[in-house]
Amino acid sequence: MATYRSALVTGASSGIGREIARVLADRGAELTVVARRQERLDELAAELGDRTPVRTIAADLGSEDGVAAVERHLTEHPVELLVNNAGVSTGGMFHELPLAPELNEIRLNVLALVRLTHACLPRMVSAGHGGIVNVSSIAGNQPLQGYATYGATKAFVTSFTESIAFEVRRSGVHVTVVKPGYTDTEMNPDAPQQGLQRRLLWLDATHVAKAAVRDVERGRLHCVPGATWRVADAVIESLPRVAVRALSSRVRG
Ligand SMILES: NC(=O)c1ccc[n+]([C@@H]2O[C@H](COP(=O)([O-])OP(=O)(O)OC[C@H]3O[C@@H](n4cnc5c(N)ncnc54)[C@H](OP(=O)(O)O)[C@@H]3O)[C@@H](O)[C@H]2O)c1
């Protein structure tokens with residue numbers, strides 16, 4: 001069981017990232033919170049400020065300047081825990097979608113995550129202590145019609161995180177990939193608020209955040225919050241890939 005005295009959380013202006021920041025503040029970690037919306041970060045800093053020091057960085061992690069600013073910050077102010085949570089999702093048939101948002105999604109969901117991980121991991125390994133939480137998705141488990149780019153970015157995040165976790169497993173650094181299913185955040189403005197579907201399939205961001213922090217502290221590689229999604233994940237992971245592809249070819253995400 002590890003605890004972290006300092007953490008940087010991306011995408012902390014709403015949803016899962018904001019809840020992770022709240023959970024870490026309750027544990028006394030000094031926080032740096034990153035997102036584009038400065039006013040949201042200021043609100044969070046004001047809320048958490050009596051529990052722990054909170055720095056804010058307004059940065060667009062889909063841009064070169066934004067990622068470089070956060071990399072610089074991490075070099076000058078190393079953290080014990082990095083939470084790569086910021087992400088976006090585009091939906092629609094790939095050939096009908098404009099290209100620019102797809103490329104932005106790859107820059108944010110993949111490139112920023114790789115760069116910030118690289119800005120932290122060497123020092124953590126040298127220190128023999130640290131944690132990385134990468135927020136992926138069940139969407140990365142299989143091909144996903146209607147969300148081709150999103151699913152592919154999350155497949156990258158899962159595979160990348162698993163690989164580096166194996167590489168550093170004896171270093172004292174904990175690396176965790178979080179694979180939530182449907183979560184009620186700004187990413188899903190039409191999430192049902194009641195009924196069977198809500199109870200079975202929908203997660204609260206707080207639940208996801210608590211599971212993510214608990215699992216990185218315990219050194220668990222995989223975090224799949226919620227019983228329904230743990231079963232779904234186990235089934236998908238245990239099926240032959242050919243069967244997963246056959247099922248995916250019939251289902252539109
Ligand atoms: N909701 C779900 O069903 C679900 C399921 C599985 C996985 N996830 C993953 O969970 C993570 C968090 O998503 P969420 O559900 O909490 O959605 P959310 O409430 O929309 O939060 C997304 C966060 O990312 C930040 N962000 C977006 N674009 C950014 C950019 N270019 N630069 C910096 N920050 C940026 C947003 O802040 P600003 O807009 O202020 O920049 C916001 O803080 C994502 O990686 C998502 O893929 C979500």
Requested in this report: Look at ASP60 and say whether it is within 13 Å of the ligand (Cβ to nearest atom), in a helix (DSSP H, G or I) and farther than 14 Å from ASN85 by Cβ.
Outcome: no
Report summary line: Conditions (1) in contact with a Pro (Cβ under 8 Å, 6 or more places away or on another chain); (2) within 21 Å of GLU80 (Cα to Cα); (3) part of a loop (DSSP other than H, G, I, E, B) -> SER171 fails only (1)
Query raised in the report: From the list VAL168, VAL177, which one is crowded, with 24+ Cβ neighbours inside 10 Å and either at pLDDT 95 or above or not β-branched (Val, Ile, Thr) (or both)?
Result: VAL177
Query raised in the report: List the pairs whose first member sits in segment 241-253 and is over 12 Å from GLN145 (Cα atoms), whose second member is part of a helix (DSSP H, G or I) and not small (Gly, Ala, Ser), and whose Cβ atoms are under 8 Å apart, counting only residues at least 6 apart or on separate chains?
Result: VAL244/ASN141; VAL244/ILE236
**Report entry** Among the residues listed as VAL231, VAL213, VAL242, VAL208, the single one being away from the ligand (no atom under 14 Å from the Cβ) and either surrounded by 12 or more Cβ atoms within 10 Å (Cβ to Cβ) or not in a helix (DSSP H, G or I) (or both)
**Finding:** VAL213
Requested in this report: Output the number of residues of segment 1-49 satisfying the condition of being in a loop (DSSP other than H, G, I, E, B) and more than 11 Å from the ligand (Cβ to nearest atom).
Outcome: 9
Report task. Report yes if GLU71 is in contact (Cβ under 8 Å) with a residue 40 or more places away in the chain, of a type in the set (D, E, K, R) and either within 10 Å of the ligand (Cβ to nearest atom) or under 27 Å from GLY181 (Cα atoms) (or both), otherwise no. Result -> no
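Every residue, every condition in (1) within 11 Å of the ligand (Cβ to nearest atom); (2) in a loop (DSSP other than H, G, I, E, B); (3) within 19 Å of the chain's Cα centre (by Cα), yes or no:
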| residue | (1), (2), (3) |
| --- | --- |
| ALA86 | yes, yes, yes |
| GLY92 | no, yes, no |
| GLU102 | no, no, yes |
| ALA112 | yes, no, yes |
| CYS120 | no, no, yes |
| ASN134 | yes, no, yes |
| ALA139 | yes, no, yes |
| THR149 | no, no, yes |
Query - So VAL173, is it away from the ligand (no atom under 12 Å from the Cβ), more than 13 Å from the chain's Cα centre (by Cα) and in contact (Cβ under 8 Å) with a residue 12 or more places away in the chain - result: yes
Query - Answer residue from segment 180-205, given it is touching a residue at least 12 places away in the same chain (Cβ under 8 Å) and not in a loop (DSSP other than H, G, I, E, B) and is surrounded by the most Cβ atoms within 10 Å (Cβ to Cβ) among those - result: THR183
Requested in this report: Determine which single condition GLY130 fails, assuming it passes every other condition in (1) within 16 Å of the ligand (Cβ to nearest atom); (2) surrounded by 19 or more Cβ atoms within 10 Å (Cβ to Cβ).
Outcome: (1)
Requested in this report: Name the single residue, out of those in segment 1-46 being touching a Gly at 6+ places or on another chain (Cβ under 7 Å) and either buried (at least 24 other Cβ atoms within 10 Å of the Cβ) or modelled with pLDDT under 95 (or both), that is nearest to ASP60 (Cα to Cα).
Outcome: ALA35
Query raised in the report: Inside segment 153-165, can you point out the residues that are within 16 Å of the ligand (Cβ to nearest atom) and surrounded by fewer than 20 Cβ atoms within 10 Å (Cβ to Cβ)?
Result: ALA155, PHE156, SER159, PHE160
Query raised in the report: Filter segment 216-228 for residues that are assigned to a loop (DSSP other than H, G, I, E, B) and touching a His at 6+ places or on another chain (Cβ under 6 Å); which is farthest from ARG22 (Cα to Cα)?
Result: GLY219
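The values are calculated or read from the model by the stated rules, or taken from the named source; none is laboratory data. As the structure is a computational prediction, the values presented were derived from the model and not from experiment. Don't worry about glycine lacking a Cβ; one is built from the backbone with ideal geometry, like all the others, and counts go over all protein chains shown.
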